[in-house]
Amino acid sequence: MSLLELLLPLRCAACGEPGNELCERCRERLPRLCGPVCARCGAPTAWPVARCLECAGRRIAFASARAALLYSGAVPRLVGAWKERGQRRLATVLAELVAEAIPPPQVKALTCVPAQHERALSRGFHPARSLALELARIWELPFASLLERVGSPRRQRGLALSERSRNVAGAFAPRAGIRPPTSVCLVDDVYTSGATTSVCASALRRAGCRRVEVIALARAVRES
């Protein structure tokens, strides 16, 4: 055991008990997103549907979206510890949870939603990228940084669905000089409305990608 571990012992990011980054009890209790889901956006549904009420009538650039967990219960605390409190080693545990729940995507490469420069500097790392890199290792798929931010939209938190779409319109573009493969899996930490991932997928498709799948750690479910 290192001196740092003696002075600052590991604690579960969900319950705070000493031990591992995520204790077995909390891991088992995490709300999995299982059962019937919308074939397009991955929202939980009463029975399998091609398009659900949440995504019907919307122009969505990605072919499908899937998440491993519901953004409820202990998951917000877990994500907060990872993203805002710098517990970087959680990326390995969280990628394992995703890989347990979601089959490897049939794509040529993984990429991620690019971070805002200021937030990446304040955190010292980029959560979505770290998750994508861990998944690339587990699934033995290449990772490539294919997108960049070209604007500075407001934070999406608290915005209505229509505002979210307008807020991120034109905020992402393909990286200069890089042509994406024909099929790509776009990795994000939390899927909320799909506005950001759809704009990213649209940018990839403009650059020549034919199919974009989205995979996220967790998914927020809107109340009907």
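The values are calculated or read from the model by the stated rules, or taken from the named source; none is laboratory data. All values derive from a computational prediction rather than experimental measurement. All Cβ positions, even for glycine, are placed from backbone atoms using ideal geometry, and neighbour counts span all protein chains on display. For accessibility, only protein heavy atoms count, side chains too; no ligands or nucleic acids. Shrake-Rupley method; radii C 1.70, N 1.55, O 1.52, S 1.80 Å.
Near the amide H of Arg219, within less than 5 Å, lie the amide hydrogens of Leu69, Leu70, Tyr71, Tyr191, all on another chain or at least 5 residues away, with H placed in the peptide plane. Each label point was placed 7 Å from the Cα along the Cα-to-Cβ direction; for Ala63 and Glu17 their separation is 4.3 nm.
Please calculate how many Å² of accessible area the range 11-61 carries per residue, with a 1.4 Å probe and no DNA, RNA or ligand atoms counted. Could you put the intermediate results ahead of the total?
Values: 3050 Å² over 51 residues.
I get 60 Å² per residue for the range 11-61.
For the range 88-114, the residues whose amide N sits under 11 Å from a probe point set 7 Å from the Cα of Cys34 along the beta carbon direction are 101.
What do you reckon, how do Ile138, Ile102 stack up by accessible area (1.4 Å probe), largest on top? List each step's numbers first, then the result.
On the way: Ile138 60, Ile102 15 Å².
Accessible-area ranking of Ile138, Ile102, largest first: Ile138, Ile102.
For the range 52-68, the Karplus equation 6.51 cos²θ - 1.76 cosθ + 1.60, evaluated at θ = phi - 60°, returns couplings of 9, 4, 6, 10, 5, x, 9, 8, 10, 7, 8, 7, 7, 9, 9, 9, 8 Hz by residue, with Gly and Pro reported as x. Restricting the trypsin sites (Lys or Arg not before Pro) of the range 187-224 to loop positions (DSSP other than H, G, I, E, B) with no more than 12 neighbouring Cβ atoms within 10 Å leaves Arg210, Arg222. Express in whole angstrom the spacing between the alpha-carbon centres of the range 130-146 and the range 26-75. If you average the Cα positions of each part, the centres end up 22 Å apart. Per-atom-type breakdown for the range 46-147 gives carbon and sulfur 55% of the accessible area (1.4 Å probe, protein chains only). Annotation: peptides 54-65, 179-190, ranked by per-residue average of other Cβ atoms within 10 Å with the highest first, follow the order 179-190, 54-65.
Listed values for the range 72-85 are Karplus-derived 3J(HN,Hα) couplings in whole Hz (6.51 cos²θ - 1.76 cosθ + 1.60, θ = phi - 60°), namely 7, x, 7, 4, x, 5, 5, 5, x, 4, 6, 7, 9, 10, and x replaces Gly and Pro.
For the range 12-64, give the magnitude of the charge dipole about the Cα centre (Cβ charges: +1 Lys/Arg, -1 Asp/Glu; no others), in debye to the nearest 20. Walk me through the intermediate numbers first.
Working: 8 positive and 5 negative charges, 82 e Å.
So the dipole magnitude of the range 12-64 works out to roughly 400 debye.
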